[in-house]
1. Sort B:272-284, B:170-182, B:10-22, B:100-112 by the packing proxy (mean of other Cβ within 10 Å over each peptide's residues), most packed first.
2. At a threshold of 8 angstrom on Cα-Cα distance, excluding pairs fewer than six apart, so keeping six or more, what relative contact order does region B:12-117 reach in percent?
3. With springs only between Cα atoms under 10 Å apart, run a GNM on chain A and tell me which of A:63, A:121, A:100 wobbles the most.
4. Divide the volume of the convex hull of the Cα atoms of the protein assembly as shown by its number of residues and quote the answer in cubic angstrom per residue.
5. Work out the mean other chain Cβ neighbour count within 10 Å for the residues of B:152-164 and drop it here as an integer.
6. Check each of the trypsin sites (Lys or Arg not before Pro) in region A:99-201 and keep only those in coil by DSSP with at most 14 other C-beta atoms within 10 angstrom; list them in order.
7. With the calculation restricted to Cα positions, what are the radius of gyration and Dmax of region B:1-109 in angstrom?
8. Over the C-alpha atoms of chain B, what are the Rg and the largest Cα-to-Cα span, Dmax, in Å?
Amino acid sequence: MRWGMAIDLKRCIGCYGCQLSCKAEHGTPPGVFFARVLKQEEGRYPTVRQLFLPVLCFHCDDPPCVDVCPTEASFKWPDGVVDIDAEKCVGCRACMMACPYTQRYYHDEEQFYFPGNGPTPYERARSQRHEAGVVMKCNFCRDRVRAGKQPACVANCPAIARYFGDLDDPTSEVSRLIKDRGGYTLHPELGTGPAVYYLPP
Amino acid sequence: MSVTSGRYEQLIQDLRAEVRPQREWIERQGLLLIVGHFLSGVAAGTWLFSLVFHFPAGLAVAYAIAALSAAAHLGFLGRPARFWKMWHARSSWIARGFVGLTLFLGGGVLYLIPIFLSASPWQSGSLIAQAGYFLALAGMILLLFYKGFVYSSSKGVPFWTSPILPALYLAYALRGGVAALLVICSFNGINLDSSALGLLELWIGISAAVMILFYLGVMSGSSPIEQYSVRELLRGRAAVSFYVGTLLVGLGVPIGIGLTGLGAPLSLGAVALVGLASVIGDFFVKYSIAKAGIYRSLTSSPHWRDKSAAVAGVPPLSVKP
């Protein structure tokens, strides 16, 4: 069993639904983004196009972030999900420097979206559980997946551009899509073996 | 606008940019890490050359510098109270550095106490002192090497992932040790074979200069992100510290004075200047290289650009530094 994701770039409309649903699910503090959408313009007038690249932790098979962690706070679950034990993290940020996909964020101090006004009721309920002085990242919505649900970014994608499943099962939807559509990973030359694939447009 | 929202705005600006500079290991608390790395290198180098030249005062200074380095490292951590958890990891160079610092501080005190304290419960040649000597020696070796490998194992910052960097940081640690000894000797008016130390300093200084040039040469011929980092070093955010701190003060002054001193013996003041300039240069080389660090770009991944742009019917663009 190895959890993985395929993101269909043909379907992605760059709506930021994944980014917002992730924020809502995890209550991540300002400056911490488990999921993001990168946008870029290519070409020259009149042949131009805006390209979207939704990104999140790639849950590498050989994660450099785990190797450099001095306290083993960064670790890999048996199902392939790379996670952080906040209780062990010393906040050295070596994992941020080691992650070739820059998908880790340092939560340096407790902060809120409306500085000077204190936490909103939502932040009080969702954000204050996150420890300050530690690094944070996506964990494929581990609690949701264990409860039999899809990760928030997958469940809430309005364009149905995300597929989540077992990469080790050749009959799973995600495996078939990657095979049939020629799914690829980012920076394969690094040999990290990401579990997030992109389906070309 | 509060400081918090200022940091937030900075991050958002960085995330929107094509290339994102690393700020965690250089700005605000991050500066303490650079200070810690610098001090640990100087401490290890000073210990090594104090042993070579049988100079107990140098050993004591090296120990004090290492203690300061430990404090700087702790000050950098987001959760310093958990530092002891670093014993567990085996593959992490930061953990190895922590082990090295612990061995050095633990062993060093066992070795130094009988040297400086006549009423010590154990003597200099005793088993405890010998154990301290070897523990400190093992710690010193780890301290000499770990920094370079911490950077070179950072795959997220291509400018650092070079095998030259550990060699460069080792050279600078050795140089920092010689420089610290020169400063200690000249300020105390001690004649500790200063001509030999001066020659050693000159040799390591020239080696470091060659290594920096080699490093920059290799990096400027690498990927666009590494080239961008080289530009940051030569013309961007890190340029002032690189030209003034690393090249002029750190290499120009010591090599210049060292070469003039080949003909005639240097005064104590000149020796002190060489040492101080070298130590300052040691700090700024670490500062400049850390500041020029740029995260790997995701949108520059060849697969994504080529495949996406191919469908769009437009030629893929290269990352513009």
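Throughout, read-outs are computed from the coordinates displayed, never taken from laboratory work. Predicted model only: the values in this text are computed from it and were never measured. Glycine gets a Cβ as well: all are built from the backbone with ideal geometry, and neighbour counts include every protein chain shown.
1. B:170-182, B:272-284, B:100-112, B:10-22
2. This gives 23 percent for region B:12-117.
3. With Cα springs under 10 Å in chain A, the top fluctuation among A:63, A:121, A:100 is at A:121.
4. Normalising the Cα hull of the protein assembly as shown by residue number yields 168 Å³.
5. 4
6. A:129, A:149
7. 17.7, 57
8. For chain B, the Cα radius of gyration and maximum Cα-Cα distance read 22.0, 83 Å.
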